[in-house]
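Here is the structure we will look at, set down as structure tokens.
The values are calculated or read from the model by the stated rules, or taken from the named source; none is laboratory data. In this text the structure is predicted, and so the values were computed from the model without any measurement. Cβ placement follows ideal geometry from the backbone for every residue including glycine, while neighbour counts extend to all protein chains displayed.
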């Protein structure tokens, strides 16, 4: 078999494939969990069901913010708005919120969840705190 035959077969195979359609959300949920990870550089939000299976996620980097704009409270509100739009077809109404990190977007994200129509049943801070473990990095001198 020559190389021209193999390339033509590859092209024919690629042209014959159908585009993969996005799976529509068949699961209807009423309760879920929202995990907010807020660092100095970014805000990441994941929505799961009560078993921990991820339904939707977004971050300020995915939303198009770059550099220091990713860590702003405004970027966190935009991330929440994007995630709520993704989970709207599932019918999610009541969520437990788990907040991790010390970034500036954590409080703004919790407020944005309330304003976007989700009912918060609990807010839990799961930020890891060392019991005198590793030595922290030296503070910046600006």
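In table form, for the structure just shown:
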| read-out | value |
| --- | --- |
| Flag for residue 56 being in a helix (DSSP H, G or I), without any contact (Cβ under 8 Å) to a residue 60 or more places away in the chain, touching a helix residue (DSSP H, G or I) at 6+ places or on another chain (Cβ under 6 Å) and closer than 27 Å to residue 29 by Cα | no |
| Residue count, segment 81-103 (criterion: touching a residue at least 40 places away in the same chain (Cβ under 8 Å), surrounded by 16 or more Cβ atoms within 10 Å (Cβ to Cβ) and either in contact with a helix residue (DSSP H, G or I) (Cβ under 8 Å, 6 or more places away or on another chain) or at positive phi (or both)) | 5 |
| Any chance residue 113 is surrounded by fewer than 16 Cβ atoms within 10 Å (Cβ to Cβ) and in contact with a helix residue (DSSP H, G or I) (Cβ under 7 Å, 6 or more places away or on another chain) | no |
| Filtered residues of segment 29-53 (kept if buried (at least 16 other Cβ atoms within 10 Å of the Cβ), in contact with a helix residue (DSSP H, G or I) (Cβ under 7 Å, 6 or more places away or on another chain), assigned to a loop (DSSP other than H, G, I, E, B) and modelled with pLDDT of 90 or more) | 42 |
| Selected residue [modelled with pLDDT under 90, exposed (fewer than 11 other Cβ atoms within 10 Å of the Cβ) and closer than 26 Å to residue 114 by Cα] from 10, 26 | 26 |
